[in-house]
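Visitor: Here it is, the structure, as structure tokens.
The values are calculated or read from the model by the stated rules, or taken from the named source; none is laboratory data. Nothing here was measured: the structure is a model prediction, and the numbers come from that model. Ideal geometry is used to build each Cβ from the backbone, glycine not excepted, and the neighbour counts take in all protein chains shown. Side chains are part of the model used for accessible areas, which takes the heavy atoms of the whole protein and leaves out ligands, DNA and RNA. Shrake-Rupley method; radii C 1.70, N 1.55, O 1.52, S 1.80 Å.
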Amino acid sequence: MRRTLVPLVAAGAALLATAAPAGAQDPVGDWTPAPSPAWAYPAGARCDFAVQGSPVVDEVVRRTVATYPDGTRVVEYKGDLVVRVVNSATGASYDADASGRALVETRPDRSQRWYVVGPILAGFGEGGGNVGRGLYTVDGAFTLDVSPTGFKTLTLLYGSTESLCDKVA
């Protein structure tokens, strides 16, 4: 059974919508908090230097949109999120807006497909995706596919990427 989730962008406003998924077992769930954890990467993992991040504003909520007999689950995320990204060596910091809205389909093999409108933070390791090693704000309308091995494929329908490594270098 094929499921289709399509991000739509209306003129002048970014909206994310989904068709009622065929085969869904559960009704749409209630919104619940989805706190973002702090994180840290050693030098060379994302940036040339050690970098860390922690939310300074975190009002993200999530709800289950659908679950399927094969274990696939679709979850919607929305809400304000600002992450302070810090160069661990120098203390230079930048507050990055990651307040996009997303539908995330997670499959039994742990692969994911993200349908996003608005900004999110995305990190790519060396050889770990179709975007160079780095930490980015990705803004616009796009999909992000994550394979079972963690390889990430970013497909921008429109929008841009901005290097957070450059912001705190």
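Visitor: As an exercise, use a Förster radius of 25 Å and the Cβ-Cβ distance of Tyr94 and Leu156 to find the FRET efficiency, rounded to the nearest 0.05.
Guide: Numbers: r = 22 Å, r/R0 = 0.86.
Efficiency, rounded to the nearest 0.05: 0.70.
Visitor: Under 14 Å from the 7 Å Cα→Cβ point of Asp166, by amide nitrogen: which residues of segment 125-143?
Guide: From segment 125-143, the list is 132-139.
Visitor: Okay, next question. Could I have the simple spin-label model distance between Ser54 and Trp39, label points 7 Å from Cα toward Cβ, reported in nm to one decimal?
Guide: 1.6 nm
Visitor: Once the mean 1/r over all distinct Cα pairs of segment 36-169 is inverted, what Kirkwood radius in angstroms do you read off? Please list the in-between numbers first.
Guide: Values: mean 1/r = 0.0652 Å⁻¹.
Kirkwood hydrodynamic radius for segment 36-169: 15.3 Å.
Visitor: In whole Hz, with x marking every Gly and Pro, tabulate ³J(HN,Hα) for segment 114-126 from phi via Karplus 6.51 cos²θ - 1.76 cosθ + 1.60, θ = phi - 60°.
Guide: Result, rounded to whole Hz: 9, 10, 10, 10, x, x, 9, 9, 9, x, 10, x, 4.
Visitor: Continuing with this model, one more query. Expected output is a single nm value to one decimal: the length gained when fully extending between Arg107 and Arg73, i.e. 0.36 nm times separation in residues minus the C-alpha distance. What is it? The partial results should precede the final answer.
Guide: Numbers: separation 34, 0.36 × 34 = 12.24 nm, distance 0.66 nm.
Going from the current span to full extension adds 11.6 nm.
Visitor: Could you give each residue of segment 66-79 its phi-based ³J(HN,Hα) in whole Hz, using Karplus coefficients 6.51, -1.76, 1.60 with θ = phi - 60°, and x for Gly or Pro?
Guide: Karplus values, whole Hz, x for Gly and Pro: 7, 10, 10, x, 7, x, 5, 9, 10, 10, 9, 10, 7, x.
Visitor: In segment 123-169, what percent of the accessible surface is made up of carbon and sulfur (1.4 Å probe, ligands and nucleic acids excluded)? Walk me through the numbers before you get to the answer.
Guide: Values: 1100 of 2160 Å².
Ligands and nucleic acids excluded, carbon and sulfur give 51 percent.
Visitor: With θ taken as phi - 60° and the coefficients 6.51, -1.76 and 1.60, list the Karplus ³J(HN,Hα) couplings across segment 139-147 in order, rounded to whole Hz; mark glycine and proline as x.
Guide: 10, x, 10, 7, 10, 10, 9, 10, 6
Visitor: Which shape class applies to segment 91-138: rounded if a/c is under 1.5, otherwise prolate when a/b exceeds b/c and oblate if not, where a ≥ b ≥ c are the square roots of the Cα gyration tensor eigenvalues? Please list the in-between numbers first.
Guide: Details: a/c = 2.56, a/b = 1.31, b/c = 1.96.
Oblate shape, in that a/c is at least 1.5 and b/c is the bigger or equal ratio.
Visitor: Between beta-carbons, use under 12 Å as the cut-off and find the net charge around Ala38, counting Lys and Arg +1, Asp and Glu -1. Walk me through the numbers before you get to the answer.
Guide: Numbers: positive: Arg84; negative: Asp58.
Surrounding charge for Ala38 is 0.
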